[in-house]
Each structure stands twice: as C-alpha cells, then as structure tokens.
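*Asks:* Take a look at this one; I'll ask things after.
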Amino acid sequence: MADGEISAGWAGTWVLGDRRVNRMGFGSMRLTVEPDPEVAVRVLRRAVELGVDHIDTAAFYFSPGGILDVGDGPVRYATELIRRALTPYPESLFIATKVGPGLLPDGQWGEAVTAAQLRHQVEENLRRLGVERLDLVNLRVFRSRDSIGERFAALAAMRDEGLIRHLGLSAVSLAQLDEASTIAPVACVQNSFALDLRNNAEMLRVCRERGIAFVPFFAIAGQGREKGASEAQHAAAEAVAARHGMTAHQVRLAWTLHQGPHVLAIPGTGDESHLLANVAAGGVRFDERDISELGNI
C-alpha cells in the first residue's frame, strides 16, 4: 500500500469523554529521547496528517538535557514539543495528559498527592501546551491499594473550574476505579495490557461494561515493558504476521484493538517509518484462526 493511503481511521472510532476520536492514537513519551528534536516535530505533524486525533502525553515526559531551542530557552517536555509542532491546534485534536509524578511546586521531583501539588502540575500542563483547558487529565497512580479519593476530588474541582474537560486514571486497580467513579465520571483507564501481558483483562472487561475507554500501555512492548519488545517474538505472532504480510509488532498492536471497540491504542515512536507501520496496524482484521492462535500465547 502507498503511504498516502494509510489512515488512523482504519481502526474505527470511540467517544472519549465527549469527543469521537480515532482508536489509533499516538503516545508522546518516546519523543523526549529523540536526539533530533526536529525529527520529533515532523513525526508529530505526520501523525496528525495520517488522521491521528488523540495524542497522549504527561507532565513527567521529560528530557533532562533540553532538546529544542525555540528562542525562549530549551524545551524539555513532550508537552512543549506538541505545542511547537501542532499549534495552532486542529479543532479535532484531543490531547490527554497525566499528572502524579513530576516537578512539585518547590522544584523537586516527586509524586503530587496534595491539591496544591496537583494544581501546580495541571497549570504547568496548561502553560506548556499553550491551552486554556486540558481535554483530559489522567491521575497516574503508583500504589494499587492506596485511596485516591482526595487526589481525584482535587482534579474534579479543577474540572468544575473549567481547567479540565474530562478525567481519567492510569495504573489503577478496580477498587480505585470504583472509588474515583463515586466522585466524578471516569472517561478512560490507562493500564498495562498486551498479547503477553494480560494482567488487566478484568479491568478491560469492566471498562467495556461501563462504557469507559481502555487505553493500554506496553501494547507493543508487552512483558518487556520500558525496555521494549524483545526481538524474539512468539511463533504464533510471527505466523499470523506472515499471513498478513506485516511484522509481529504490528500483530501485537492490532491484537489489542481487537479486544473491544472501547480499546484505544497510543503507540509511541520517534521514527516516521515506525509511525506508518503502527497506524497501518489499525487496518488489520483477524479471522478465527488468527484469534485462536494468538489466544494460545
């Protein structure tokens, strides 16, 4: 297929908050390690050209060395790269960010747990993205047994002020989802999930029942997590990939999208060829044989 034919729309759509978005999105984490910032800018712009209208970022996607000089000092955050690449933002663009870990008001790195700390991170997201209101803010949680009620209520108060449109959760348990849902509507849950990392299968099911978007991270990396996917792919994934004329990485990404219409993909990359491959994976349609073989992994 020609590059110009590839479209994020191939994966279908889902209503995220109050906005219908293409289920194939883009994650910005890897952009902060791209040695050439202009490449990162081009990849972001190319993603939007391909129809990506859901971009995931975070207050803590950060490059300590500074990666782009835009005339007013070095740009260090993925949010700043997004602003540099995509402003003025298309009306259709939905940007989801995360708060929790990051710089606190005293300038130290830590986890925001108080209302003041969370407000600081929300305001920094607003400033770095150059917007008056954030489309969606996910609360990133580190301990699955902790109560998140006070933190989520603080974000809900900022939503009521008009600083945030929608709220979500990241790396949470079912109990934490239930707790948050008593405070304010939860638009999405971002938890780890992949072909060989099915630890959140119950969360995926519950989100579908409740009409909540499920946004898996590590969808391609799987058990490799932050280290990335291993080159040693499962034989079943390779066999399915060969039948479809694609890579095993694309199969892994497509498999997550097949787990339900509420699943949104946010693969990240700083390489345009990988971006094209990721977006193209949204057009894969598995048959019963494919599903059966992949289900045995």
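The values are calculated or read from the model by the stated rules, or taken from the named source; none is laboratory data. Predicted model only: the values in this text are computed from it and were never measured. Reconstructed Cβ throughout: ideal geometry from the backbone, glycine too, with neighbour counts over all protein chains shown.
*Asks:* Quick one: would you say R76 is at pLDDT below 95 and touching a Gly at 6+ places or on another chain (Cβ under 6 Å)?
*Replies:* For R76, the condition - at pLDDT below 95 and touching a Gly at 6+ places or on another chain (Cβ under 6 Å) - is met.
*Asks:* Tell me yes or no: at least one residue of the stretch 135-152 is outside any strand (DSSP E or B), farther than 29 Å from R198 by Cα and within 20 Å of the chain's Cα centre (by Cα).
*Replies:* The answer is no; no qualifying residue exists.
*Asks:* Select from the stretch 84-122 the residues that are under 22 Å from L155 (Cβ atoms), touching a residue at least 40 places away in the same chain (Cβ under 8 Å) and charged (D, E, K, R) and list them in ascending order.
*Replies:* K98
*Asks:* Let me ask another. So how many residues does the stretch 246-297 have that are modelled with pLDDT of 95 or more, of a type in the set (V, I, T) and not in a helix (DSSP H, G or I)?
*Replies:* 2
*Asks:* For the stretch 159-196, name all the residues that are in contact (Cβ under 8 Å) with a residue 60 or more places away in the chain, over 23 Å from V15 (Cβ atoms) and in a loop (DSSP other than H, G, I, E, B).
*Replies:* If the condition is that a residue be in contact (Cβ under 8 Å) with a residue 60 or more places away in the chain, over 23 Å from V15 (Cβ atoms) and in a loop (DSSP other than H, G, I, E, B), then L195, D196 are the ones that fit.
*Asks:* Restricting to the stretch 1-41, name every residue that is part of a helix (DSSP H, G or I), at pLDDT 95 or above and surrounded by fewer than 19 Cβ atoms within 10 Å (Cβ to Cβ).
*Replies:* Residue satisfying the conditions is G9 alone.
*Asks:* Among (1) more than 17 Å from the chain's Cα centre (by Cα); (2) closer than 20 Å to V186 by Cα; (3) part of a loop (DSSP other than H, G, I, E, B); (4) modelled with pLDDT of 90 or more, there is one condition R119 misses while meeting the rest; what is its number?
*Replies:* (3)
Table: residues versus (1) over 19 Å from R252 (Cα atoms); (2) touching a Phe, Trp or Tyr at 6+ places or on another chain (Cβ under 7 Å).
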residue	(1), (2)
A175	yes, no
D178	yes, no
S192	no, yes
D196	no, no
N200	no, yes
F214	no, no
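*Asks:* For G51, work out the one condition from (1) surrounded by fewer than 21 Cβ atoms within 10 Å (Cβ to Cβ); (2) modelled with pLDDT under 95; (3) on the phi > 0 side of the Ramachandran plot it doesn't fulfil.
*Replies:* With (1) surrounded by fewer than 21 Cβ atoms within 10 Å (Cβ to Cβ); (2) modelled with pLDDT under 95; (3) on the phi > 0 side of the Ramachandran plot applied to G51, the lone miss is (2).
*Asks:* Kindly list the number of the only condition in (1) assigned to a loop (DSSP other than H, G, I, E, B); (2) in contact with a Leu (Cβ under 8 Å, 6 or more places away or on another chain) that fails for N199.
*Replies:* The single condition N199 does not satisfy is (2).
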